[in-house]
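The values are calculated or read from the model by the stated rules, or taken from the named source; none is laboratory data. All figures in this text were calculated on a predicted structure; none of them were measured in a lab. Positions of Cβ are generated from backbone atoms using ideal geometry, with glycine treated the same way; all protein chains shown enter the neighbour counts. In case anyone asks, the SASA skips ligands and DNA or RNA and just uses the protein heavy atoms, side chains included. Shrake-Rupley method; radii C 1.70, N 1.55, O 1.52, S 1.80 Å.
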Amino acid sequence: MSTMKITRRDFIGSSLFAVTALTGAVVGLTSSMSPDILKKRSPAAKMSLGLVTYMWGSDWDLNTLIANCRKTKLTALELRVEHKHGVSPSLTADERKAVKKLFAKSGVTLLGFGTNFEFHSPDPDVVRQNIEGAKEYLLLSRDCGSSGVKVKPNDLPKDVAEEKTVAQIAQSLNELGRFAAEIGQEVRLEVHGGCAKIAIIKAIIDQVTEKNVGLCWNCNPQDLESPGLAANFASVRERFGRTVHIRELESDSYPTKELFDMLYSTDYDGYLLIEEGGTLSAEERIKRLARSAELFAQWKKDAAKI
């Protein structure tokens, strides 16, 4: 479809009649388009590919991580805690500013931190420790110029009613969400552990009222259980946060292309972050990451044509 480009000079020099006519033409054209045609302008065109440092980046320092992202055309990083990158709450204010400045100059987006804080324990003191620990990382994320922190649910203790644990996890997330909202951050609940079944994670997120608490889809085997990937995805899609954890794109361990298609068709404009295990050489990891970036670019190109 051809488009009309109107320069600032054209606009200033045009008559009110011409502007009105142009506006009417655009409105008429848009209203006559089918929903499928409008989908071609999907915000999903902004969807980006990045890396979780677990485990393919766990042994790379911060400069190496950034360099390898640039080399492989990955645009974003989630820093898993306690890795070689060394970014932690122990950093001073000046060190945090230096991290922020480093990423600002790099062209790679620091999305935040992948923590292991969890909220299922029957011991209130343990839950409190985890909440306060997550708050420290939210402050670190703010100071480093990133946008959020990943946490885990993470289990259903056998001697506690499931409904009680679900409510406790949701309550913890609501407290974190309120704290995060005050400092411009997002809390990302990873679909993980004993709460990986979508019905359980849905029961949790349905009780979370803070809108800056989002789900981090994690490409678990449980996603494929009855009623199937599409239905499970649809049941929680509206609560997705800014990050999704995926496998390398050529992996046959998960239907990643099907997931991509569903994300694209529902206008997801966040970040797909490769999270892979296994012991591979640095050269092999870089090769595979670069291949995933190539496939991702092709998938987006193909999706835009549909």
Taking the stretch 263-295 and keeping only residues that are outside any loop (DSSP other than H, G, I, E, B) and more than 29 Å from residue 239 (Cβ to Cβ), one is left with 282, 283, 284, 285, 286, 287, 288, 290, 291, 294
Somewhere in the stretch 225-232, is a residue within 21 Å of residue 301 (Cα to Cα), out of contact with any Asp or Glu (no Cβ under 8 Å at 6 or more places or on another chain) and among the aliphatic types (A, V, I, L, M)? no
The helices (runs of 4 or more DSSP H) lying wholly within the stretch 158-255 that contain at least 3 residues that are of a type in the set (Gly, Ala, Ser) and open to solvent by less than 60 Å² (accessible area, probe 1.4 Å) are 162-182, 229-236
Across the stretch 71-123, the tally of residues that are surrounded by fewer than 23 Cβ atoms within 10 Å (Cβ to Cβ), in contact with a Ser or Thr (Cβ under 8 Å, 6 or more places away or on another chain) and among the aliphatic types (A, V, I, L, M) stands at 2
Practice problem: Report whether or not residue 298 is polar (S, T, N, Q), part of a helix (DSSP H, G or I) and exposed (fewer than 14 other Cβ atoms within 10 Å of the Cβ). | Solution: yes
